[in-house]
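> First, the structure itself, so that you have it in front of you.
The values are calculated or read from the model by the stated rules, or taken from the named source; none is laboratory data. Everything numeric here is computed off the predicted structure, so don't read it as measured data. We place every Cβ from the backbone using ideal geometry, glycine too, and count neighbours over all the protein chains shown. Protein only, heavy atoms only, side chains kept; ligands, DNA and RNA dropped before computing areas. Shrake-Rupley method; radii C 1.70, N 1.55, O 1.52, S 1.80 Å.
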Amino acid sequence: MSKQTDNQVLVVGAGPAGLRAAMDLAEFGIHVLLVEKRGELGGAPTRWKYHSLAPDFTPTEQVLGPMIEFCESSELVEVKKNCTITEFGGEAGNFRVTIKSPEGTERRNVSAVIVATGFEHFDASVDPRYSYGKAPNVIGINELEVMLSQGKVTGHDGKVPKRVAFVFCVGSRDRSTNPWCCTVCCGVSIKQAIELKQLLKDVQVYMIYMDIRTVGLWEKLYWDSMEKYGINYIRGRVGEVYYTGEKLLVKGEDTLVRGPFEVLFDMVVLAVGIEPGEGTKQISKLLGLRVNEYGFLAPRIPNVHFDSGKEGIYLAGACVAPMSVEESIAEGSAAAMQAAKMVAKLKVRV
Ligand SMILES: Cc1cc2nc3c(=O)[nH]c(=O)nc-3n(C[C@H](O)[C@H](O)[C@H](O)COP(=O)(O)OP(=O)(O)OC[C@H]3O[C@@H](n4cnc5c(N)ncnc54)[C@H](O)[C@@H]3O)c2cc1C
Ligand code: SF4
């Protein structure tokens, strides 16, 4: 390990994982350089204006607000928005990075790096079955989240939908697109269906699913959705979403009664999955990090996410695997602890 420079830790990505990592490090008294490629902090929940968070309908602001405020105001956190890392070299304890901003580039030295570059939503237009991007009123759960946060859910013609279908596992658990399970879309869809029922008095909601994966404490959402809100479940696979010129005809197979179904809806909401984004690809190439067969960052041992296998570089959040906000925050803290240990070791050596 080479000589210490300024003991600053670079955190790449300011979603729930990166924000928590930055906050924990600063609370330890460690300087943080928080680099975010977008113009705002908060990651996917801010970008897609998540109205509330599963499993408890917690307002997103309540979870992310304190972390964003802390990072924006702490003297120990240097926030760099609209920035990316373009060059990287050196070694643990003395990494050299070049940061590109709209104003130009600057070179900095950092002791350790936390990569928290998160995910992108699956682009449903890739799979023609769902007519996403072609038929009106076929939207993703990310787009419904924006409508819910505005308190107004309407179709393209401004009409309030009377019958809504959620289609699960869109772009997930499917070998022709992404074979993995996105782990949160069942819970998020059910949370949204309940919010839809609360918002629109007479709406009928149908959930078309392969399996319901509401693990741990998220299971309550499932039972409440049926028992308290009368949400209907169809176990099946969707073969086609067809626009009749007025409504959306959803054709598929009911896998419980083993027969075809065709139902007309006003709106179809696709539970689009989680996949590695361009930002994760970019950083993995630049830092020489391993990725798995799916493009997520691959920890040295799959069960120990923070360990990138490269000394001084730690991983956190959905850049490693699909996960919930609570898991992303916990991973941010875990990575911060590893970076703090490295900084502490360097201080002893000085
Ligand atoms: C529709 C939907 C709804 C969801 N709702 C819930 C919910 O209700 N409850 C829940 O627990 N979970 C929910 N989730 C999951 C939740 O969004 C994730 O767990 C969480 O956002 C992951 O946090 P993260 O910090 O790892 O990544 P992200 O939130 O993706 O943040 C990563 C950040 O890194 C930045 N970045 C990327 N690449 C670079 C780069 N190269 N350089 C600089 N910056 C970069 C990005 O711009 C982004 O700001 C939902 C997911 C989906 C798909
Ligand atoms: S979380 Fe649910 S909707 Fe998402 S891929 Fe897994 S089973 Fe499908």
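> Reachable lysines from Lys159, Cα under 30 Å, same-chain residues fewer than 8 places away excluded?
Within the straight-line limit of under 30 Å, Lys159 reaches these lysines: Lys49, Lys134, Lys191, Lys197, Lys201, Lys228, Lys247, Lys251.
> Give, as a single signed number, the net charge of other residues whose beta carbon lies under 13 Å from the beta carbon of Glu326, with Lys and Arg counted +1 and Asp and Glu -1.
Value of the local net charge: -2.
> Leaving out ligands and nucleic acids, and using a 1.4 Å probe, what accessible area per residue does the chain come to in Å²?
I get 46 Å² per residue for this part.
> Okay, next question. How many percent of the accessible area of the stretch 15-114 is carbon or sulfur, using a 1.4 Å probe?
46 percent
> Among Ala17, Ala44, Ala271, whose mean-square fluctuation peaks in a Gaussian network model of the chain (Cα, cutoff 10 Å)?
Ala44
> If you add up the charges near Pro260, with Lys and Arg at +1 and Asp and Glu at -1, over every other residue whose beta carbon is less than 12 angstrom from its beta carbon, what do you get?
Computed value for this residue: -1.
> A further question on this structure: By how many degrees, 0 to 90 and rounded to 10, does the Cα axis of helix 60-73 deviate from the longest principal axis of the chain?
20 degrees
> Continuing with the same structure: Heavy atoms of the protein only, probe of 1.4 Å, neighbouring chains included. What is the accessible area of Leu148 in Å², nearest 10?
Approximately 10 Å² for this residue.
> Summing -39500 (n - 2.57) over the DSSP H runs of n ≥ 4 in the chain and dividing by its residue number, what mean residue ellipticity at 222 nm do you reach, to the nearest 500 deg cm²/dmol?
Working: 8 runs with 100 residues, N = 350.
Mean residue ellipticity at 222 nm (helix-derived): -9000 deg cm²/dmol.
> By the scheme Lys and Arg +1, Asp and Glu -1, what is the net charge of all other residues having a beta-carbon under 15 Å from that of Ser172? Before the final figure, lay out each step's value.
Numbers: positive: Arg129, Arg173, Arg175, Arg213, Arg237; negative: Glu120, Asp123, Asp127, Asp174, Asp211, Glu275.
Net charge around Ser172: -1.
> Moving to a separate point now. Between the helical axis of 325-349 and the dominant principal axis of the chain, each derived from Cα atoms, what acute angle in degrees is found, rounded to the nearest 10?
10 degrees
> I'd like the carbon and sulfur percentage of the solvent accessible area for the stretch 214-350, probe radius 1.4 Å, heavy atoms only, ligands and nucleic acids excluded. Don't skip to the answer; put the middle values down first.
Working: 3810 of 6930 Å².
Roughly 55 percent, rounded to a whole number.
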